[in-house]
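Asker: Got a structure for you, written out below as structure tokens; questions coming shortly.
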Amino acid sequence: MDLDTYISRCTEPEDDYLHRLYRATNIHLVRSHMVSGHVEGTLLKILVAMLRPKNILEIGTFTGYSAIAMSYGLGPEGHIHTFDVNDELEDFTRKWIENSRRGKQITYTIGNVLDILPRKAERGNLRFDLAFIDGDKRQYPEYYSLCKRYLSSGGYILADNTLWDGHVVDPAYDRDPQTRGIRAFNDIVANDEECEKVIIPMRDGITLIHLKDK
């Protein structure tokens, strides 16, 4: 038994709906490895249940697994705003989100969050208590600035893939734009005195960031 299998076995069983979504993602789509999956989804759900955010911002929906997992930890008044640029997946993803048991607590938007969110947030005076970054790795620094701009005082940011399969410390990837984006993000966060931060070495690395109360 490998370590990942052991970890999964020792984690609470995967929700049946999420298991079916995971299988559908792997059967019908390329790059299915991008789906969050059982262990990470469970972590997201538990963190949401602990932090009790009113509004969550997600950058990078893919097939909706992480958004649905987080919705299971929401209180009745909580809401998730999730953004993705890939309109080719919209029909697949929207169906799974809308048919989930907390689908009414998820707003799924296709488009560039860097362009859309400022208008949406300013128009509705929208602020977030938690943000989950899992979009284009080249734009992680820009996503971080965006999240900080619209995060409530004392809010939290989660960033996925921040170890990037070890490429962040491998000189062979010095010219890879995605690796460079992740490295730049990690450096910005590491030197940001306005937050507390830690990288959790789970799967491909998840950074947990707490913005200090202003």
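The values are calculated or read from the model by the stated rules, or taken from the named source; none is laboratory data. All of these numbers come straight from a predicted model, not from anything done at the bench. Backbone-built Cβ (ideal geometry, glycine too); neighbour counts: all protein chains shown. Just so you know, the surface numbers come from the protein's heavy atoms only, side chains and all, with ligands and any DNA or RNA stripped out. Shrake-Rupley method; radii C 1.70, N 1.55, O 1.52, S 1.80 Å.
Asker: Could you work out which residue, out of T61, T11, T25, moves most in a Gaussian network model of the chain, that is, has the largest mean-square fluctuation with Cα springs under 10 Å?
Answerer: T11
Asker: I'd like the carbon and sulfur percentage of the solvent accessible area for the chain, probe radius 1.4 Å, heavy atoms only, ligands and nucleic acids excluded.
Answerer: 50
Asker: I want to verify a result. In a Gaussian network model of the chain, Cα cutoff 10 Å, which of these has the top mean-square fluctuation: E90, E58, E194?
Answerer: Between E90, E58, E194, it is E194 that shows the largest mean-square fluctuation.
Asker: What list of ³J(HN,Hα) couplings, whole Hz, do you get for the range 22-30 from phi and the Karplus terms 6.51, -1.76, 1.60, once you set θ to phi - 60° and write x for glycine and proline?
Answerer: 4, 5, 5, 4, 6, 7, 9, 10, 7
Asker: Moving to a separate point now. Per-residue HN-Hα couplings for the range 169-179, Karplus 6.51 cos²θ - 1.76 cosθ + 1.60 at θ = phi - 60°, whole Hz, x for Gly and Pro?
Answerer: Residue by residue, the range 169-179 yields 10, 10, x, 5, 10, 4, 9, 6, x, 5, 4 Hz.
Asker: Let me ask you something else. Which value in deg cm²/dmol, rounded to the nearest 500, describes the helix-derived mean residue ellipticity at 222 nm for the chain, given -39,500 (n - 2.57) per DSSP H run of n ≥ 4 and division by the residue count?
Answerer: Roughly -12500 deg cm²/dmol at 222 nm, from the helical runs in the chain.
Asker: Leaving out ligands and nucleic acids, note down the accessible area per residue over the range 1-144 with a 1.4 angstrom probe, in whole Å².
Answerer: Per-residue value: 51 Å².
Asker: What list of ³J(HN,Hα) values in whole Hz, one per residue of the range 92-102 in order, does the Karplus curve 6.51 cos²θ - 1.76 cosθ + 1.60 (θ = phi - 60°) give from phi, with Gly and Pro shown as x?
Answerer: 4, 5, 4, 4, 5, 5, 5, 8, 6, 5, 10
Asker: Return the long-range amide H neighbours of L130 (sequence gap of 5 or more, or a different chain), with a cut-off of under 5 Å between placed amide H atoms.
Answerer: N55, L57, Y156
Asker: Right, here's the next one. Taking the Cα centre of the range 55-214 as origin, sum charge times position over the Cβ atoms of Lys and Arg (+1) and Asp and Glu (-1), and report the length of that vector in debye to the nearest 20.
Answerer: That gives the range 55-214 a dipole magnitude of about 460 debye.
Asker: For the range 138-197, run through the trypsin sites (Lys or Arg not before Pro) and keep only the ones in DSSP coil with at most 11 other Cβ atoms within 10 Å of their Cβ.
Answerer: For trypsin sites (Lys or Arg not before Pro) across the range 138-197 that sit outside H, G, I, E and B with at most 11 neighbouring Cβ atoms in 10 Å, the list reads R175.
Asker: Can you tell which of I116, I56, I97 shows the greatest fluctuation in a Gaussian network model of the chain with Cα springs below 10 Å?
Answerer: Looking only at I116, I56, I97, the largest GNM fluctuation is found for I116.
Asker: Explain nothing, just the number: dipole magnitude of the range 157-214 about its Cα centre with +1 on each Lys and Arg Cβ and -1 on each Asp and Glu Cβ, in debye rounded to the nearest 20.
Answerer: Taking the Cα centre of the range 157-214 as origin, the dipole is about 40 debye.
Asker: By its C-alpha gyration tensor, with a ≥ b ≥ c as the square roots of the eigenvalues, how is the chain shaped: rounded for a/c under 1.5, else prolate for a/b larger than b/c, else oblate?
Answerer: The shape class here is rounded.
Asker: For the chain, build the charge dipole from Cβ charges (+1 Lys, Arg; -1 Asp, Glu) around the Cα centre, then report which of I27, V169, P53 sits farthest towards its positive end.
Answerer: Farthest along the dipole direction, towards plus: P53.
Asker: Starting from the amide H of L163, placed 1.01 Å from N in the peptide plane, find each other amide H under 5 Å away whose residue is 5 or more places distant or on another chain.
Answerer: G205
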